[in-house]
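A.B. asks: Sharing a structure below in structure tokens format, with a few things to ask.
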Amino acid sequence: MLQSLERRAGLPIAFNPTANSIEWQAGVSCEQTRIRSLTEMRAYIREADAISPTDAIYTVYRNLRRTADTEAIQATGLRYDLTVIPPGVFLSNSHSRGPIRIAEGRRPEAGYSHAEFFRTAGHYHPVKAGTAIAYPEVYEVISGRAYWLLQKPRAGDPARLEEMYVVEAGPGEKALMTPGFGHISVNPFGEPLVMANWISSAFTYDYKPFERLRGGGYWVLEAAATDAIEFERNANYREVPELKKLRPKEVPELGLIRSQPLYQLSHELGKLRFLSHPEEFVDILTIEKCYRTL
């Protein structure tokens, strides 16, 4: 049965739990649907010989919007996307203990210790031309719960990290990917994760450091205890600082309020100016302003 997400998303969309996919009503347009397969993800994850219960690790719906809003959104150079990450873990052949099974009501592969949870490949954003600040991005959890790994590398050396955070967020919470930080979205929980994001269309992502180093500074793994989560330093990095846990703050100056779906800013697009002109918001686009430490 389809699960309506309209109230949380601000768009007439629904989640199909059978296909782990998004469906939308007439009057909504989507420019591209992009599925990241297990074959593609093997280059980015801890175990190169990984297997999994599904080949579709996550799906991105790019430039989703009400058709009536297309002209206004395009005029700003922004884009609204949705990402779906089902619950699951990557298993290497050496970890496999027989047929892969998914128990109802439990995380797929519960009990396989040190298996890496499904996640995105990870990427960095470039510095905006003519400035000294990189483009930011803002996410919202629509359904499920998310972890984001945020990491800041030393200049010119992605293998040496200066700061490393894990952000936990639930439905309605907004998480700002602050300038200069690469990021990975992780689903370490036993339910599908549906996220939205606004981002500038003026640049392309840089995935190469995450591919070369097989992920972020930490891998998010299933612990031996059922439903427990472990963080393991990624040995491919030369320097990885202590991991600090954060929760998002509301940032009213940027229109980021928990009770207001992120898509509603399509009618107040001026509040999203920080995505295209981050140089004007340097004092706000910081970890301290956007998060609280746990």
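Each value in this text was obtained by applying a stated rule to the coordinates, not by laboratory testing. What you see is a predicted model, and the numbers here were worked out from it, not measured in a lab. Because the Cβ atoms are built from the backbone with ideal geometry, glycine has one as well, and the counts that use them run over all protein chains shown.
A.B. asks: When the chain is modelled as a GNM with alpha-carbon springs shorter than 10 Å, which of E116, E232, E173 fluctuates the most?
C.D. replies: Maximum among the listed residues: E232.
A.B. asks: What list do you get for K128, K244 if you sort them by fewest beta carbons within 10 Å?
C.D. replies: Lowest to highest Cβ neighbour count: K244, K128.
A.B. asks: Once you put a point 7 Å from the Cα of R62 and another 7 Å from the Cα of Q32, both along the Cβ direction, what distance in nm separates them?
C.D. replies: Each label point lies 7 Å from its Cα, and together they span 0.1 nm.
A.B. asks: If I compute Cα extents along the principal axes in Å from the structure I just sent, which labelled value in (1) 53, 48, 32; (2) 49, 35, 33; (3) 66, 48, 34 lines up?
C.D. replies: Of the labelled values, this structure produces (1).
A.B. asks: Ok, one more. Count charges around A121 for me, please; just the other residues with Cβ under 10 Å from its Cβ, Lys/Arg as +1, Asp/Glu as -1.
C.D. replies: So the surrounding residues net to 0.
A.B. asks: Taking the Cβ of A134 as the center, what net charge do the other residues with Cβ under 13 Å away carry, scoring Lys and Arg +1 and Asp and Glu -1? Could the numbers behind the result be given before it?
C.D. replies: On the way: positive: K128, K152; negative: E137, D206, E279.
Here the charged neighbours net out to -1.
A.B. asks: Hey, another quick one. Taking amide H positions as placed in the peptide plane 1.01 Å from N, state which residues far from H114 in sequence (5 or more) or on other chains have amide H under 5 Å from it.
C.D. replies: Counting only residues 5 or more places away or on other chains, the set is E222, A223, A224.
A.B. asks: Over all alpha-carbon pairs in the range 5-53, figure out the percentage whose distance exceeds 14 Å.
C.D. replies: Tail of P(r) above 14 Å: 65 percent of Cα pairs.
A.B. asks: How high is the relative contact order of the chain, in percent, with contacts defined as C-alpha pairs under 8 Å that are six or more residues apart?
C.D. replies: 20 percent
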